[in-house]
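What follows is a short report on a single structure.
The values are calculated or read from the model by the stated rules, or taken from the named source; none is laboratory data. Small disclaimer: the values here were computed from a predicted structure and weren't measured. Cβ coordinates were reconstructed from backbone atoms using ideal geometry, including for glycine residues, and neighbour counts include every protein chain displayed.
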């Protein structure tokens, strides 16, 4: 039974021409997991075609999730192996690989929903690849910048970028992990907190969105100082949100349940 749920190739064999889900079915659900306007207008309009192509190639959503992680790994390898004579080609390569990884990350959920093959394991794999992708892509950028300044003999600046990057990644992952906890393990608390969001909160969420962070990498090619200031602002914002989640956690009171056992 699990195989029938998880594998689109089994699910589509139920009737004649059942393997011909139209593209329109994919298109209708393209923004189901994208709350930000930037994602709805850009990435989700591209990933839907990737999801449909994967469906026609009999790929599973889990295979697309794994491919997303693979492209993140390629970004890290590019950062470690590409030359440091110029920052242009390596940063553009990291940016492109990160974007491909993110598009695939969106496509896996779109494929699973359109083919009705969602599963707990698929959700787990998707979140796991999210965490892996964030670490690899952001680490790729900061590792290359470290190598770039070390090759130029600017050791102090290289160290500032390296340790600043580590702080940014820590707060991004910390915020993401706690947010996922509220979203999936304490959904009632999450739902209570997201009613009628203010315009300011929506703007702040956009500032720390993955797409904005990846685009921030390109700012380095224009102005390294501006790039550093943007990352510093994002890191401070992530830290503030992370701490706010702890305050929300203190306010949460578990509802009595016969199925709940103390840990």
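For residue 64, indicate whether it is within 16 Å of the chain's Cα centre (by Cα), within 22 Å of residue 129 (Cα to Cα), assigned to a helix (DSSP H, G or I) and at pLDDT 95 or above. Give the derivation first.
Working: within 16 Å of the chain's Cα centre (by Cα): yes; within 22 Å of residue 129 (Cα to Cα): yes; assigned to a helix (DSSP H, G or I): yes; at pLDDT 95 or above: no.
The answer is no for residue 64.
Identify, please: which residue in the stretch 227-245 is farther than 20 Å from residue 214 by Cα and either touching a residue at least 40 places away in the same chain (Cβ under 8 Å) or touching a strand residue (DSSP E or B) at 6+ places or on another chain (Cβ under 8 Å) (or both) and is, among those, surrounded by the most Cβ atoms within 10 Å (Cβ to Cβ)? Talk me through it step by step, then tell me what you get.
Our first condition is that a residue be farther than 20 Å from residue 214 by Cα; within the stretch 227-245, this holds for 240, 242-245.
Then drop every residue that is not either touching a residue at least 40 places away in the same chain (Cβ under 8 Å) or touching a strand residue (DSSP E or B) at 6+ places or on another chain (Cβ under 8 Å) (or both), which leaves 242, 245.
On the way: 242: 19, 245: 17.
Restricting to residues being farther than 20 Å from residue 214 by Cα and either touching a residue at least 40 places away in the same chain (Cβ under 8 Å) or touching a strand residue (DSSP E or B) at 6+ places or on another chain (Cβ under 8 Å) (or both), the top hit is 242.
State all residues of the stretch 69-80 that are touching a residue at least 60 places away in the same chain (Cβ under 8 Å) and more than 18 Å from residue 217 (Cβ to Cβ); if no residue qualifies, say none.
69
Regarding residue 73, is this residue modelled with pLDDT of 90 or more, in contact with a helix residue (DSSP H, G or I) (Cβ under 9 Å, 6 or more places away or on another chain) and either in a helix (DSSP H, G or I) or under 14 Å from residue 109 (Cβ atoms) (or both)?
On the way: modelled with pLDDT of 90 or more: yes; in contact with a helix residue (DSSP H, G or I) (Cβ under 9 Å, 6 or more places away or on another chain): yes; either in a helix (DSSP H, G or I) or under 14 Å from residue 109 (Cβ atoms) (or both): yes.
So residue 73 passes the test.
Exactly one of (1) free of Cβ contacts under 8 Å to residues at least 40 places away in the same chain; (2) part of a helix (DSSP H, G or I); (3) out of contact with any helix residue (DSSP H, G or I) (no Cβ under 7 Å at 6 or more places or on another chain) is unmet by residue 83. Its number?
(2)
Quick check, is residue 93 modelled with pLDDT of 95 or more, in contact with a helix residue (DSSP H, G or I) (Cβ under 9 Å, 6 or more places away or on another chain) and farther than 12 Å from residue 75 by Cα? Outline the logic, then answer.
Details: modelled with pLDDT of 95 or more: yes; in contact with a helix residue (DSSP H, G or I) (Cβ under 9 Å, 6 or more places away or on another chain): yes; farther than 12 Å from residue 75 by Cα: no.
So residue 93 fails the test.
So residue 52 fits all but one of (1) in contact with a helix residue (DSSP H, G or I) (Cβ under 6 Å, 6 or more places away or on another chain); (2) modelled with pLDDT under 55; (3) more than 18 Å from residue 98 (Cα to Cα); (4) surrounded by 12 or more Cβ atoms within 10 Å (Cβ to Cβ); what number is the exception?
Here residue 52 clears every test but (2).
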